[in-house]
Amino acid sequence: MTGRNLVAMVVVVLCLTGSVGVARASAEPAPWGTATVRGDISACADAATPMDNVVCAVALTRRWLEHTGHASVVRRTVEVSNPAAGLTWNPRNRDICVYAELGTLLNVGLHHCDTTTFFNRNTDAALIRTRARAVAAFAHESSHGVQEAVGLTPVSTTIFGPVEDLRRLELASDCWSGAAWSWYVSSGLLTVADRIEATAFMYSLRDQASHGTGVQRGRAFERGIVEGGAACDEILGRPAYT
Ligand SMILES: [Zn+2]
């Protein structure tokens, strides 16, 4: 999600909702216009479709968060319908949480806020095409949940900057994804070949001021693999993951 997209999205959502929150993301039902996706580890073995990759990634992310004591930072993963949009307030980190898929006008796609990971299978087609990509992407998103749990505000930082702060949040999240991958492989849940594919994917990501260059992202991911969560704290500039 780019900053410019997010700014446009907030404007559109505010117009659509008359600045009144249309859903409380922390309430039990999935936010308006979204459907909960349940993880299933068995989907990892014979993933055949992009949605299988998502179901696998959701299950693995859950296991990783439980393993590291961060289970509460992702309460659910939802697919956002098109059209659908919403804006909620997260009292825990005092930040807004938004989502929007509005035809081809506005497609926010994969992101995380207020303990919820949002995605759309069409907007995020490139991210969920393979199992390795999906697993890397959803682990990255869970990092934003960890950041929110320590009071950081990834959504506001995406919208208002400064861009250096946002890049730190994003590269720390790439690192966190690498740390997850190290554990997935050592636990026998995924293979070294899978991890090599994920690493190549991270290096292939396009350069963005907000997220860093592909090389920076690949390096942050590899630091996570080799050094674990402590390296991600270092990139973030404060304790959060350990
Ligand atoms: Zn991110």
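Please enumerate the residues belonging to segment 121-134 that are in a helix (DSSP H, G or I) and more than 15 Å from the ligand (Cβ to nearest atom). Listed by number, the residues that qualify are R131, A132. One residue is enough: does segment 206-219 have a residue meeting the conditions more than 18 Å from V58 (Cα to Cα), open to solvent by less than 40 Å² (accessible area, probe 1.4 Å), under 19 Å from the mean Cα position of the chain (by Cα) and among the aliphatic types (A, V, I, L, M)? Checking segment 206-219: not a single residue is more than 18 Å from V58 (Cα to Cα), open to solvent by less than 40 Å² (accessible area, probe 1.4 Å), under 19 Å from the mean Cα position of the chain (by Cα) and among the aliphatic types (A, V, I, L, M).
Go through segment 139-159 residue by residue and tally those that are away from the ligand (no atom under 11 Å from the Cβ) and in contact with a helix residue (DSSP H, G or I) (Cβ under 8 Å, 6 or more places away or on another chain). The number of residues fulfilling the criteria is 5. Could you go through segment 97-112 and let me know if any residue there is within 16 Å of the ligand (Cβ to nearest atom), out of contact with any strand residue (DSSP E or B) (no Cβ under 6 Å at 6 or more places or on another chain) and at pLDDT 95 or above. Yes, segment 97-112 has at least one match.
Of the residues that sit in segment 183-205 and are among the polar types (S, T, N, Q) and open to solvent by 40 Å² or more (accessible area, probe 1.4 Å), which one is nearest to the ligand (Cβ to nearest atom)? If we take residues in segment 183-205 being among the polar types (S, T, N, Q) and open to solvent by 40 Å² or more (accessible area, probe 1.4 Å), then S204 is nearest to the ligand (Cβ to nearest atom). Take the conditions (1) under 30 Å from G103 (Cα atoms); (2) among the acidic types (D, E); (3) buried (at least 18 other Cβ atoms within 10 Å of the Cβ); (4) away from the ligand (no atom under 12 Å from the Cβ); E222 misses just one of them, which is (1).
Tallying residues that are over 19 Å from Y241 (Cα atoms) and either open to solvent by less than 10 Å² (accessible area, probe 1.4 Å) or of a type outside the set (S, T, Y) (or both) within segment 143-175 yields 6.
The values are calculated or read from the model by the stated rules, or taken from the named source; none is laboratory data. Computed from a predicted structure; not experimentally measured. No Cβ is skipped: glycine too gets one built from the backbone with ideal geometry, and neighbour counts run over all protein chains shown. Calculation scope for accessible area: heavy atoms of the full protein, side chains included, ligands and nucleic acids excluded. Shrake-Rupley method; radii C 1.70, N 1.55, O 1.52, S 1.80 Å.
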